[in-house]
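Structure first, then comments.
The values are calculated or read from the model by the stated rules, or taken from the named source; none is laboratory data. Just so we're clear, the structure is a prediction, and the values are computed from it rather than from any experiment. Cβ placement follows ideal geometry from the backbone for every residue including glycine, while neighbour counts extend to all protein chains displayed.
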Amino acid sequence: MDIILKNATVADEDAPEGLVDIAIEGERIVAVEANIGAEAGEVIDCEGRLVSASLIDPHVHLDAALSVAAARPNQTGTLLEGIAIWSEFMPKLTKEDIKHRARQAIDWEVAQGVGFIRTHVDSCDERMIGLEAMLEVKDEVKDRADIQIVAFPQNCICSFPNGEALLRRALDMGADVVGGIPHNETTRDAGVASMRLVFAEADERGLLVDVHCDETDDSASRFAEVMAEETIKRGLGSRITASHCVAMHSYENAYALKLIGWLQRAGLNVIANPFDNLILQAREDTYPKRRGITRVKELLQAGVNVSFGHDSIMDPWYPLGRGDMLETASLGLHACQMSGVAEIDSCFDMISWRAAKTLSLEDYGVRPGANADLVVFDGYSKAEVLRLGPARTHVFKRGKLVAQTEPARSEVMGDPVSFRPAT
Ligand code: FE2
C-alpha cells in the first residue's frame, strides 16, 4: 500500500459503521475495512476523524470570481445591477486576468477539500476569452481538481444577437455542459424555444445540461416544467440539472407539488445556491420577506436529487465568500430549516455524494475501486464539521496529497473551563 488512513469515520452514501482503515495504492482506494494490517509507505492515524470523498462545488462562476475589486461596485446589491456591471466589465477582461482569478478561487476550494467543480462560463462573448481561459485552467489544475465547464449564455440564447451561434461555438470549443437562462429571454415563447435548443444540442452532442432556471421571484416563471418535459421526452434523466429554481418558493402549493412530482419522475437534478439566492432574491419585497431559496427539503422528501453550489465568490453579484463548501451547506441548512438530525446529515450529502450524482461522476466515493479523492476533516461527524467548519487537514487527489491545513488552536488565559464539543 502507498497510504493507509487509519481509524476513519467515513461519510458516504453507504458508509460503513464504526471506525475503518482506508488503504490507497496508486490512484485508487483498494480497501475500506477495520484493522488493515498491511505495510504502507505512509500511515495517517485519523483518530476517529471524518473522512469523505472530495467535496464538490457543482455550481460556481470562475470567470467572474474575485473580480469584485476590479469591477464597478454594485451599489444596490441586486441581481440586475450585477448583470449590468458584468456586461460593462466583460470587454475589459483579458484571458490572463480570468485565468489568474479562477486559479486563485480553485486553490481556495481545493485547500478546503473540494476536488470537483462545475463552473459556468459566459458564452455571450464574440471573443470567447472566458471559455478559452477556463479550458486552459481546466488542464493546468487537473492534478488537483476536475473541472466541468458549462457554456452559459448569460445574456440569453434566443433574445441575444447571434446567441444561438455563440452557444454552438462554445460547445464546439469544448464545453462539457450546455447552459441556458430561459427566464431572462424576452418572452415565455422565447424561453421555451431556448430550452428546446439546449436539449437538442445536448442530446445530439452527448453532453450534460445545467440551466439557470427560474432565477427570479416571478411566480409566473415556469421553465422547470419545460425542463422536466424535455428530460422525459428525450430520456436524459440524471444528465440534466435545473439550477436555482427560486421561483418555486413563490409558487402556490398546488402547482409546486405537481411540479415536484414531474421533476422526480424526470429524474433530473436540482441545485440550490444559498449565498446568492438569499442575498439576491426578494429584493422588492417589504415584509413578510420571502427566503428566496427553492424548496430543498420538499424536493429531497419527494426523491429529487438536490445539491448546494457556492455560485459566486467575490463577484458583482455577491462580494463575499471564500470558497468553503461547508459554509455553503451550513447556510443552506439554516435557510431551508433543515435542523432535524437526518436533515443535518443530508446537508453534508448535498456537497458530496449527491453533488457527485449531479455531475455524473464515476469512481466517486469511499469504497474499494474508487479514485482516492479524499478529504480528512478535523471533526468527528457530519454535524460537527458543518457546525465548526474545521480545518481540512489532508486533501488527496488520485492518491496524492494536494493540500494540507494545520488546525487553528486557541488558548484562553486565566482559569478557562475545559470544553470538548459533543459529537
Ligand atoms: Fe449561477
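At-a-glance table
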{"quantity": "Contacts under 8 angstrom Cβ, first residue in the range 13-32 being crowded, with 18+ Cβ neighbours inside 10 Å, partner of a type in the set (D, E, K, R) and part of a strand (DSSP E or B), 6 or more apart", "calculated": "Val20/Glu33; Asp21/Lys6; Asp21/Glu33; Val32/Asp21"}
{"quantity": "Single match in His183, His212 (criterion: within 24 Å of His61 (Cα to Cα), within 16 Å of the ligand (Cβ to nearest atom) and in a helix (DSSP H, G or I))", "calculated": "His183"}
{"quantity": "Elements of type helices (runs of 4 or more DSSP H) contained in the range 246-311, each with 3 or more residues being free of Cβ contacts under 8 Å to residues at least 24 places away in the same chain", "calculated": "253-266"}
{"quantity": "Subset tally (residues that are acidic (Asp, Glu) and more than 19 Å from Asn155 (Cα to Cα)) for the range 209-236", "calculated": "3"}
{"quantity": "Some residue of the range 239-253 being surrounded by fewer than 16 Cβ atoms within 10 Å (Cβ to Cβ), at pLDDT 95 or above and over 21 Å from Val178 (Cα atoms)", "calculated": "yes"}
{"quantity": "Search result, residues across the range 298-349 that are away from the ligand (no atom under 16 Å from the Cβ) and in contact with a strand residue (DSSP E or B) (Cβ under 7 Å, 6 or more places away or on another chain)", "calculated": "Leu299, Leu300, Val304, Asn305, Ala329, Phe348"}
{"quantity": "Any hit, the range 172-181, residues being crowded, with 24+ Cβ neighbours inside 10 Å, over 23 Å from Thr405 (Cα atoms), among the acidic types (Asp, Glu) and touching a strand residue (DSSP E or B) at 6+ places or on another chain (Cβ under 9 Å)", "calculated": "no"}
{"quantity": "Odd one out for Arg295, checked against (1) surrounded by 23 or more Cβ atoms within 10 Å (Cβ to Cβ); (2) over 10 Å from Pro274 (Cβ atoms); (3) within 15 Å of the ligand (Cβ to nearest atom)", "calculated": "(3)"}
{"quantity": "Residue match in the range 318-337 (condition: more than 26 Å from Val68 (Cβ to Cβ) and either assigned to a loop (DSSP other than H, G, I, E, B) or over 18 Å from the mean Cα position of the chain (by Cα) (or both))", "calculated": "yes"}
{"quantity": "Those residues of the range 338-360 which are among the hydroxyl-bearing types (Ser, Thr, Tyr), assigned to a loop (DSSP other than H, G, I, E, B) and closer than 19 Å to Ser54 by Cβ, in sequence order", "calculated": "Ser352, Ser360"}
{"quantity": "Index of the failed condition, Asp63 passing every other in (1) more than 16 Å from the ligand (Cβ to nearest atom); (2) part of a loop (DSSP other than H, G, I, E, B); (3) surrounded by 21 or more Cβ atoms within 10 Å (Cβ to Cβ)", "calculated": "(1)"}
{"quantity": "Set Gly340, Gly332: member being farther than 25 Å from Leu208 by Cβ and not assigned by TED's automatic domain parsing to the domain that holds Glu33", "calculated": "Gly340"}
{"quantity": "Yes/no for Ile85 being in contact (Cβ under 8 Å) with a residue 12 or more places away in the chain, within 16 Å of Val177 (Cα to Cα), away from the ligand (no atom under 14 Å from the Cβ) and not small (Gly, Ala, Ser)", "calculated": "no"}
{"quantity": "Residue identified as assigned by TED's automatic domain parsing to the domain that holds Gln264, away from the ligand (no atom under 16 Å from the Cβ) and either of a type in the set (Asp, Glu) or closer than 30 Å to Glu362 by Cα (or both) among Arg222, Arg239, Arg188", "calculated": "Arg239"}
